[in-house]
Amino acid sequence: MRVLIIGGYGTFGFGMAERLSNEAELELILAGRNLAKAKVACAKLSGAATFTPLHLDRNTLALDFKPDLIIDASGPFQAYAKNNAPQPVIQYCLTHGIPYADISDDGAFVAAVMTQDVAAKTSNIPLISGLSTCPVLSAIGLREVERIIGPASDVMIGIAPSPKAELGRNVVAAVANYAGQKQVSVLRDNALINIAGLTEVRHETICVPGDVPLPRLPFALADAPDAWTLPEDFNALDNIWTGAGTRPIWLHRFLVFLSRAVARGLAPKLTPFAGLFHRVRGMFRFGVHRGGMVVHASNADNEASWHLVAEGDHGPRIPALPVVALIRKMLRGETIASGAYSGHQIIGLPELAPEFAALNIAYGLHFDGQDTPVYEQVMGEAFTRLHPAIIEQHLTGEGRIYSGACKVTRGRNPLSHIVAAVIGFPKSGTDIPVSVTVVPTATGEKWTRNFGGKKFSSHHSLGRKKWARHVTEKFGIIAIHMAILEDAGDLRIEVQGWSIFGFPLPRFLRPGGDVYETHDDQGRFVFHVDLKAPLFGRLCKYEGWLTPDT
């Protein structure tokens, strides 16, 4: 199978070739205006596939061979969409009967391709536009949510690239071009309208169930095909909003401020400053190397959200994966009927799941609209993967009492004894009878632990604002904000922040330690809490087992 990739030595085109390098039946032709770059890209690749460089200008396309598929990975598609004339690559494919696909992230461009349905059927080829993160992953997330809540009327889609990911200059240029300009399409009250780019902001925390959440981010309205393409297959949708949450957050907020000034006529267009923004963003590539996506949807009765997180350098590979899945599909001999399509109509989760599994990419559902106990709510579908004894411990109902035995070990630092006394931790001892009473409250759950007559209580609730998708545990004036993780059926807790009287305290002083829940060979719930803090050392360690009282 011979595949021509226009822009084959670019970030996404090269990413496609890299992912497909072990397909022995594949010849990948990496094409573009710079033959030297195409040759360098081919030299970097190895594997069973064949790699061929080619000098090619997409505007004057003329080939002396007929590929089995032409992929347009060049962009920026926002610039192409302004030209109402037929696109030369698409016209070439229609004229010569060559299947076509692109990775366009521009709604107008994708919509224009879909108007070529009759021409594609006449030429007996598929034309597939928008084989990228949006709308392919947007539709995947929406389908997953609708499995839980039924047809959705409102959807918010947010994409957050890793702060260390390289954003191409073309991407930054496209954003600068529509910032503050009424060029970004949204579906609002079932009508497609244009809004000034980056002028609307929504906040969301991306968190794959059972994993550490990303920081809570502001997402600014961004250009994407979702509002143009999703209503055709999701008929109940009245509102579609897509945003980008880039980091560093201060630069993101500054761009929102400038965009609003442009929209009000108080500042010039940002297009001339695209190079400056690109350089500044490149200078501040700090933070945890994680990126992600959220699709939050609702209807009159319920709401849920689908989350995806990519670790390290695997996030920037995502936009290329739908094309990779398409080519693998064709290599398997699966035919695509002639006609014009949006990418989400051709590639779904069954095709992309193997690509995600080969990379460090995780995803899952949160059941946001359901009235469930705190830990079940924060863990989403990961809660069902816990050991039965742990699930039983957290299904509090109207209130539960658990009894068992434990061992307590206090820290040796005199300062740690002061903190332990303030919180109410028990003194050291072995085989201490213990009971835990869990009572629901209006805002969460009150946990009262009784260690041989020594009681201390804490309140567990869903984190808010910055600490959304965490559990906040309060010991009087102290609040601990915890990520709740699923680890091979065990529940693990990682402290992400803390505060006193509501005032955040320095991260380097935050408490932590080895805290997890598991089960023993008798099927009993087992807890292990070893709390430590910088300067103080161990505060208190208590470990033991519990069973529910009848």
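Listed conditions (1) under 20 Å from Val438 (Cβ atoms); (2) touching a Phe, Trp or Tyr at 6+ places or on another chain (Cβ under 8 Å); (3) in contact (Cβ under 8 Å) with a residue 24 or more places away in the chain are all met by Pro534, apart from (1). Within segment 9-54, restricting attention to residues that are touching a residue at least 60 places away in the same chain (Cβ under 8 Å) and touching a Ser or Thr at 6+ places or on another chain (Cβ under 9 Å), the residue that is surrounded by the most Cβ atoms within 10 Å (Cβ to Cβ) is Gly13. So is Ser162 hydroxyl-bearing (Ser, Thr, Tyr) and either at pLDDT below 90 or touching a Gly at 6+ places or on another chain (Cβ under 6 Å) (or both) or not? Yes; evaluated as a whole, the condition is true for this residue. Scanning segment 75-96 for residues that are out of contact with any Phe, Trp or Tyr (no Cβ under 9 Å at 6 or more places or on another chain) and either closer than 24 Å to Lys329 by Cα or modelled with pLDDT of 85 or more (or both) turns up Pro88, Gln91, Thr95, His96.
Any idea how many residues of segment 91-110 are surrounded by fewer than 22 Cβ atoms within 10 Å (Cβ to Cβ) and closer than 19 Å to His344 by Cα?
Step one: filter segment 91-110 for residues surrounded by fewer than 22 Cβ atoms within 10 Å (Cβ to Cβ), giving 91-92, 94-98, 108.
Filter again for closer than 19 Å to His344 by Cα, leaving 108.
Of the residues in that region, 1 qualify.
For the subset of segment 508-550 comprising residues that are charged (D, E, K, R) and either crowded, with 19+ Cβ neighbours inside 10 Å or under 16 Å from Val408 (Cβ atoms) (or both), which member is modelled with the highest pLDDT? Out of the qualifying residues, it is Glu517. Restricting attention to segment 182-221 and to residues that are part of a loop (DSSP other than H, G, I, E, B) and touching a helix residue (DSSP H, G or I) at 6+ places or on another chain (Cβ under 7 Å), the residue that is farthest from Gly158 (Cα to Cα) turns out to be Gly210. As for segment 220-233, it holds no residue that is buried (at least 22 other Cβ atoms within 10 Å of the Cβ), among the β-branched types (Val, Ile, Thr), in contact (Cβ under 8 Å) with a residue 60 or more places away in the chain and under 22 Å from Ser162 (Cα atoms).
Okay, residues lined up against (1) over 24 Å from His314 (Cβ atoms); (2) outside any strand (DSSP E or B):
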position: Ala36; (1), (2): yes, yes
position: Lys39; (1), (2): yes, yes
position: Ala43; (1), (2): no, yes
position: Ser46; (1), (2): no, yes
position: Thr52; (1), (2): yes, no
position: Phe65; (1), (2): yes, yes
position: Tyr92; (1), (2): yes, yes
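Selection of segment 425-440 for residues being free of Cβ contacts under 8 Å to residues at least 40 places away in the same chain and either out of contact with any strand residue (DSSP E or B) (no Cβ under 7 Å at 6 or more places or on another chain) or not assigned by TED's automatic domain parsing to the domain that holds Glu392 (or both) yields an empty set.
The values are calculated or read from the model by the stated rules, or taken from the named source; none is laboratory data. Model, not experiment: these values are computed from the prediction. Here the Cβ is made from the backbone with ideal geometry for all residues, glycine too, and neighbour counts use every protein chain on show.
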